[in-house]
Amino acid sequence: MPAKILVVEDDSVQQLHICKLLSQTGAEVIVASNGNEGMQKAQEEKPDLIFMDVVMPEVDGFAACRQITQDAATKDIPVVIVSSKNQEADKVWAQLQGAKAVIGKPYEDEEILNKVKELL
């Protein structure tokens, strides 16, 4: 059975790029355009892995990550933060919210693909 990966990204260009990249792995890719939708899809779809942007309208990626990793139904899903906010403090904060890893934007495609291999 192919892995299911949720991409939470409000920028349509970034969203499309990361989805194309992930579909090369043979995974089923699900998309959410903001933190609220991301939390909802995590509940409904129970993906195997989540790639989460930080700067989004309504609920940001840090808050969505915290909700997902603290909810009994979704706490075992690894969340990877993909963000232009990639200072050391942001990385520490991301880990405190439950993120398994942080990938800074702009990223190399290999960074995304390596995380998929590592976390699935």
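Per the Kirkwood treatment, what hydrodynamic radius in Å, one decimal, follows for region 1-65 from the mean inverse distance over all distinct Cα pairs?
Numbers: mean 1/r = 0.0867 Å⁻¹.
When all Cα pairs of region 1-65 are included, the Kirkwood radius is 11.5 Å.
Using all alpha carbons of region 54-106, what is the percent of pairwise distances in each 5 Å bin, ordered from the shortest bin to the longest?
5, 23, 32, 24, 12, 3, 0
Using a 10 Å cut-off on Cβ atoms, rank the peptides 34-40, 111-117 from the highest mean neighbour count down. Mind showing how you got there, number by number?
On the way: 34-40: 20.6, 111-117: 15.6.
Taking the mean over residues of other Cβ atoms within 10 Å, the ranking is 34-40, 111-117.
Quick check on the chain: helices-only [θ] at 222 nm, where DSSP H runs of length 4 and up contribute -39,500 (n - 2.57) each and the sum goes over total residues. Nearest 500, please.
On the way: 5 runs with 53 residues, N = 120.
Result for the chain: -13000 deg cm²/dmol, rounded to the nearest 500.
Return the carbon/sulfur percentage of the accessible area of the chain, one whole number, probe 1.4 Å, all protein chains in place.
48
Over the chain, give the accessible area per residue in Å² for a 1.4 Å probe, as an integer.
On the way: 6210 Å² over 120 residues.
That works out to 52 Å² per residue.
Give the cross-link partners of Lys100 among the lysines, using a straight C-alpha distance below 20 Å as the criterion and excluding same-chain residues fewer than 8 apart.
Cα-Cα hits under 20 Å: Lys4, Lys41, Lys46, Lys75, Lys85, Lys91, Lys115, Lys117.
List the residues whose amide H sits under 5 Å from the amide H of Val31, counting only those 5 or more places along or on another chain, with H placed 1.01 Å from N in the peptide plane.
Sorted by chain and number, the residues that satisfy this are Val7.
From Cα coordinates alone, what are the radius of gyration and Dmax values for the chain in angstrom?
When restricted to the Cα atoms of the chain, Rg and Dmax are 12.6, 38 Å.
Over region 23-70, what is the mean sequence separation of C-alpha contacts under 8 Å (at least six apart), divided by residue count, expressed as relative contact order in percent? All intermediate terms of the calculation are to be shown ahead of the outcome.
On the way: 33 pairs, mean separation 18.7, N = 48.
Relative contact order here is 39 percent.
Relative contact order (percent) for the chain, with alpha-carbon contacts under 8 angstrom and 6 or more residues of separation? Display every interim value, and only then the final one.
Details: 213 pairs, mean separation 27.5, N = 120.
Relative contact order here is 23 percent.
Compare the Cα positions of Ile81, Val59, Gln15 along the charge dipole of the chain (+1 at Cβ of Lys, Arg; -1 at Cβ of Asp, Glu; about the Cα centre) and return the one farthest towards the positive end.
With unit charges placed on the Cβ atoms, the residue in question is Ile81.
Which listed residue (Gly38, Ala72, Gln95) has the Cα farthest towards the positive end of the charge dipole for the chain, taking +1 on Lys and Arg C-beta and -1 on Asp and Glu C-beta about the Cα centre?
Selected residue: Ala72.
The values are calculated or read from the model by the stated rules, or taken from the named source; none is laboratory data. Predicted, not measured: the structure shown is a model, and the values here were computed from it. Note: ideal-geometry Cβ built from the backbone for every residue, glycine included; neighbour counts use all protein chains shown. Side chains are part of the model used for accessible areas, which takes the heavy atoms of the whole protein and leaves out ligands, DNA and RNA. Shrake-Rupley method; radii C 1.70, N 1.55, O 1.52, S 1.80 Å.
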